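A.B. asks: Before we start, here is the structure in question, set down as structure tokens.
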Amino acid sequence: MQIHVSAPLFAWEALEDSPSLTTLRRFLSCVPDGRLLESLRRFRGRGRDDYPVAVLWGVVLLTIALRHPSIEACLSELTRNRGLRELIGIASEGQVP
């Protein structure tokens, strides 16, 4: 019997353990999210507007890209890492959601 070897659908082991800011910048620029962000801004209406939609979306994307187990873990890293904060448009530690 022959067992065929194929590449996995999600090759997590092929990803960098700690991607560089350059890699993350390229990842964020490649995500086709323009229409999604525009829709989120439009439908946000007059409700709470504590944080920009693009920043919140950036947190979600970084949580996935950096393989954090939770949003809170990503927010903790954003508090510590200035370069990562600036990558998604957060100017200071006090502005982390």
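The values are calculated or read from the model by the stated rules, or taken from the named source; none is laboratory data. Given the structure is predicted, the values throughout are model-derived calculations rather than measurements. Methodologically, a virtual Cβ is constructed for each residue, glycine included, from the backbone with ideal geometry; neighbour enumeration extends over all protein chains shown. For the accessible areas, the whole protein counts, side chains as well, though only heavy atoms, and no ligand, DNA or RNA atoms are used. Shrake-Rupley method; radii C 1.70, N 1.55, O 1.52, S 1.80 Å.
A.B. asks: Can you compute 3J(HN,Hα) from phi for each residue in the range 88-97, using the Karplus curve 6.51 cos²θ - 1.76 cosθ + 1.60 with θ = phi - 60°, rounded to whole Hz and x for Gly and Pro?
C.D. replies: Values, residue by residue: 10, x, 9, 7, 9, 4, x, 9, 5, x Hz.
A.B. asks: Counting helices only, and only those DSSP H runs with n ≥ 4, report the 222 nm mean residue ellipticity of the chain as the sum of -39,500 (n - 2.57) divided by its residues, in deg cm²/dmol to the nearest 500.
C.D. replies: For the chain, the value works out to -15000 deg cm²/dmol.
A.B. asks: Measure off, as a whole percent, the carbon and sulfur share of the 1.4 Å-probe accessible area of the chain, all protein chains present. Don't jump to the answer; show the numbers that get you there.
C.D. replies: On the way: 4200 of 7380 Å².
That fraction is 57 percent.
A.B. asks: Now for a separate question. Please list 3J(HN,Hα) in residue order for the range 78-87, calculated via the Karplus relation 6.51 cos²θ - 1.76 cosθ + 1.60 where θ = phi - 60°; whole Hz, with x for glycine and proline.
C.D. replies: Karplus values, whole Hz, x for Gly and Pro: 5, 5, 7, 10, 4, x, 5, 4, 5, 4.
A.B. asks: Which net charge results for the neighbourhood of ARG35, defined as the other residues with beta-carbon distances under 13 angstrom from its beta-carbon, given Lys and Arg at +1 and Asp and Glu at -1? Provide the component values of the computation, followed by the final result.
C.D. replies: Values: positive: ARG41, ARG42; negative: ASP33, GLU38.
In short, 0.
A.B. asks: Where Rh is the Kirkwood radius over the Cα pairs of the chain, the temperature 4 °C and the viscosity 1.567 mPa s, what D in µm²/s does Stokes-Einstein return?
C.D. replies: Here the translational diffusion coefficient equals 85 µm²/s.
A.B. asks: If you don't mind, there's one more thing I want to ask. Any idea of the accessible area per residue across the chain, 1.4 Å probe, to the nearest Å²? The partial results should precede the final answer.
C.D. replies: Details: 7380 Å² over 97 residues.
Ligands and nucleic acids excluded, the result is 76 Å² per residue.
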